[in-house]
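Contents: one structure, followed by commentary.
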Amino acid sequence: MHFTFAQYQESAQFLKHRLGNFQPKVAMVLGSGLGYLGDLVEHAIVVPYGEIPHFKHSTAPGHKGQLVFGTLAGQPVAVMQGRMHHYEGYSYEEVAYAVRVLRLLGCQTLFVTNAAGGVNYSFHAGDLMLITDQIKIFLESPLRGENLPEFGPRFPDSSYLYTPKLQALAKQQARALDIDLKTGVYMYFPGPQYETPAEIRMARILGADAVGMSTAPEVITAGHCGMNVLGITLVSNMAAGVLPQKLTEQEVLDAAEAAKEKFSGLLLACLAHLDEA
Ligand code: HPA
């Protein structure tokens with residue numbers, strides 16, 4: 001099933017009605033165990049996904065499943081506390097649906113976060129990685145099917161999906177906060193099973209520094225509709241086969257909890273200085 005432009009508009013109209021004259025400028029997608037930033041939003045208007053026409057539910061652990069509108073670090077934001085994933089049974093169009101709705105609400109910038117497995121041997125669990133580019137070779141594009149020209153062209157360019165000036169901003173803010181911000185390529189795997197050691201060796205050969213089960217579909221969709229994107233990964237664990245131990249979901253959530261201060265500090269600083277980028 002494909003969505004029509006009218007359906008996106010219907011979702012946006014519903015939210016506009018709830019928001020009155022508040023207009024968000026920055027959309028934020030908070031990944032596994034990272035949703036707490038949404039709790040810091042001032043003058044919050046909270047809308048559960050289930051109330052919004054055509055929205056899907058977020059069923060993954062550590063994902064609340066609601067939009068929080070309000071002010072964060074002085075910016076008018078729309079925070080997605082929890083996202084949708086392909087492994088939950090959703091199509092990529094459904095996974096990225098909210099991005100287009102937030103674009104229609106006036107968001108020009110998207111901050112995406114995720115927890116991911118570290119592939120680059122120089123990384124450690126708990127590191128933050130600025131995403132410089134992505135690889136999504138598995139399964140279809142979220143833009144598959146009839147193009148909606150209201151959002152963007154049939155064949156969008158993907159040379160600068162992660163906006164260079166936002167990358168520079170994040171590096172600058174990390175330096176100011178004394179955070180050792182790694183940089184690298186995020187490779188998408190559909191999950192829900194964690195990758196095999198052989199798949200991780202393949203990912204490394206292909207140029208990946210971290211692997212995860214989200215983000216890439218939303219970023220393709222954001223790029224299509226002309227949004228500026230900043231992506232920050234929390235390396236919650238080293239990927240399969242790098243260390244002898246097995247991977248667990250609890251490890252991912254614990255790492256997110258442990259990195260809370262560093263992670264929120266960096267995102268808040270990027271928000272606060274966004275207008276200088
Ligand atoms: N692989 C895929 N997704 C993940 C991982 C991983 O190792 N860690 C957190 N999300």
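Here is a yes/no grid of residues against (1) at pLDDT below 95; (2) in contact with a Gly (Cβ under 8 Å, 6 or more places away or on another chain):
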position	(1), (2)
P197	no, yes
G207	no, no
P217	no, no
N228	no, no
S236	yes, yes
E249	yes, no
V252	yes, yes
L267	no, no
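Where strands (runs of 3 or more DSSP E) fall entirely within region 160-277, those with at least 1 residues that are away from the ligand (no atom under 12 Å from the Cβ) are at 181-188, 228-238.
Among the conditions (1) within 28 Å of L148 (Cα to Cα); (2) over 17 Å from the mean Cα position of the chain (by Cα), the only one that G70 does not satisfy is (1). Look at V41 and say whether it is under 19 Å from the mean Cα position of the chain (by Cα), more than 16 Å from the ligand (Cβ to nearest atom), of a type in the set (A, V, I, L, M, F, W, C) and more than 26 Å from V252 (Cα to Cα). Judged against the criteria, V41 is not a match.
Taking every residue in region 177-189 that is of a type in the set (S, T, N, Q) and pairing it with any residue that is more than 14 Å from the ligand (Cβ to nearest atom), at least 6 positions away or on another chain, the pairs with Cβ-Cβ distances below 8 Å are T183/L130; T183/T132; T183/Q167; T183/K171.
One residue is enough: does region 46-60 have a residue meeting the conditions of a type in the set (S, T, N, Q) and either in contact with a Phe, Trp or Tyr (Cβ under 8 Å, 6 or more places away or on another chain) or at pLDDT 95 or above (or both)? Yes, because at least one residue in region 46-60 is of a type in the set (S, T, N, Q) and either in contact with a Phe, Trp or Tyr (Cβ under 8 Å, 6 or more places away or on another chain) or at pLDDT 95 or above (or both).
Here's a check for you: in region 71-101, which residue that is surrounded by fewer than 20 Cβ atoms within 10 Å (Cβ to Cβ) and of a type in the set (G, A, S) is nearest to H17 (Cα to Cα)? Step by step, filter region 71-101, then rank; the result is G74.
The values are calculated or read from the model by the stated rules, or taken from the named source; none is laboratory data. These numbers come from a predicted model, not from an experiment. Positions of Cβ are backbone-derived with ideal geometry, glycine not excepted, and every protein chain shown enters the neighbour counts.
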